[in-house]
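Values quoted throughout were computed directly from the atomic coordinates according to the rules given, and no laboratory measurement underlies them. Everything numeric in this text was worked out from a predicted model, so none of it was measured. Here the Cβ is made from the backbone with ideal geometry for all residues, glycine too, and neighbour counts use every protein chain on show.
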Amino acid sequence: MDSCEVLIVGGGPAGSSCAKRLREAGIETVILDKATFPRDKVCGGWITPAVVEELGIDLAEYARGRVLQPITGFRISRMGDADVKTDYGQAVSYGVRRFEFDDYLLKRSGARLILGKALSSVERAGDGWIVNGEVTNGGIRGRMLIGAGGHFCPVARHLGASARKEEAVAAQEIEFEMTAEQRGACAIRGDAPELYFCGDLKGYGWCFRKGDFLNIGLGRLDAHSLPGHVSEFVHRLKKSGKIGFDLPAAMRGHAYLIFRETKRPVVGDGVLLIGDAAGLAYSQSGEGIRPAIESGLLAAKAIIAAGGEYSRERLESYRGMLAARFGEARPDWSTRIGRKLPTQVMQSVARVLLGTRWFSRRVVLDHWFLHADEPALDC
């Protein structure tokens, strides 16, 4: 049976970031993922300078043969209203394709990779874990298990999480390479993504142009109304001349949890959850790349500090680090207020606030989306 010190289930940004830090500390680490990389991952896809610093990415090196779209501004509006342009005059984010970005992080992690094999079973065995223990699949033994498999992570499910019973944000989006004709009929600028908030502030749509690639999507807190909002959003984009063509394929759906809302157990004896598996997307924007990476780094810090003793008590520091970084697991002030105000009041508030340059820049962009007030994680 194959064996390692730490077994990470999921090769996305959370898993690969955690693995790289563990390998740098001399800890034998294996990453198991059901996909082979590079693999398709539909995502708005942007990374801030803080992420670049945390991962030590050489932007010039990364840009060779990959999409790296500098973002220097945004356009924000309430759907149907005039947009507000914010220009920072410098790169405050970078658009990336997850197809390329995730593969890049995974390959440089230094971990041993077992790709194209799904996790079919997991069981506690002594002071460790055995996954895929059936004879036909071989099996892997690890002393420490990390769930990094996204919203439907099988490790989270083993710990009792039930994605079907959780209140998740549902989204639909598409990313495709535009033809020459489509590029000429697209008014979206690569350096200024566009954000369109729903009237009730329960969701928003986006248009991100990354070189010749275009990403369009919309996410909502109430999944049942998502298809109608998506259809209306695409219709508005075409009617306003933002895109002068039909989308080349149907949008793909996915879901994610908000850390302040989730009740998932992130720590157990010999096991941690990171990234989307722990429900770590930012509450207002739904952005999950930076929280995933930071949770992976914090998990690695907790594991290294445990010194090979992976009891719940020795790993509990990870929960405290998450709370210190992302806040306690309870709704924030904007969510609490939004749930109490009638829909008509919310629509009026949204119209006024989103139409002001100060609110659009200082609150929506700087605080909710870019988290510019939060320095890079030092761990």
* Asked: When the C-alpha atoms of the range 24-117 are aligned to their principal axes, what extent does each axis show, in angstrom, from largest down?
  -> 52, 26, 24
* Asked: Once the other residues with Cβ under 12 Å from the Cβ of A19 are scored (Lys, Arg +1; Asp, Glu -1), what is the net sum?
  -> +2
* **Under 20 Å from the Cα of K117 - lysines, other chains or at least 8 residues apart** => K34, K41, K107
* Asked: Just from its helices, what would the mean residue ellipticity at 222 nm be for the chain, if runs of 4 or more DSSP H residues each count -39500 (n - 2.57) and the sum is divided by every residue, rounded to the nearest 500 deg cm²/dmol?
  -> -8500 deg cm²/dmol
* Structure fact -> Rounded to the nearest whole number, the per residue volume of the convex hull around the C-alpha atoms of the chain in Å³ is 138 Å³
* So what's the net charge close to F359: Lys and Arg +1, Asp and Glu -1, counting the other residues with Cβ under 15 Å from its Cβ? -> +4
* Asked: At 25 °C and 0.890 mPa s, what whole-number value in µm²/s does Stokes-Einstein give for the translational diffusion of the range 159-310, with Rh from the Kirkwood sum over Cα pairs?
  -> 141 µm²/s
* Net charge over other residues, Cβ less than 10 angstrom from the Cβ of T72 (K, R count +1; D, E count -1) -> -1
* Asked: Which whole-number percent is the relative contact order of the chain (Cα, under 8 Å, 6+ apart)?
  -> 21 percent
* Asked: Using modelled amide H (1.01 Å from N, peptide plane; none on Pro or chain starts), what sits under 5 Å from the amide H of F197, excluding residues fewer than 5 places away?
  -> S77, R78, M79, G205
* Go through 66-76, 286-296 and give me the packing order, highest mean Cβ count within 10 Å leading. => 286-296, 66-76
* What is the percent of Cα-Cα separations in the range 251-304 that go past 18 Å? -> 32 percent
* To do: Would you give the gap between the C-alpha center of the range 81-132 and the C-alpha center of the range 279-332, rounded to a whole Å?
  => 15 Å
* Structure fact -> One quarter of the C-alpha convex hull surface, i.e. the mean projected area of the range 183-243 in nm², amounts to 4.2 nm²
* To do: Could you work out how far the C-alpha centroid of the range 49-71 sits from that of the range 220-273, in angstrom?
  => 25 Å
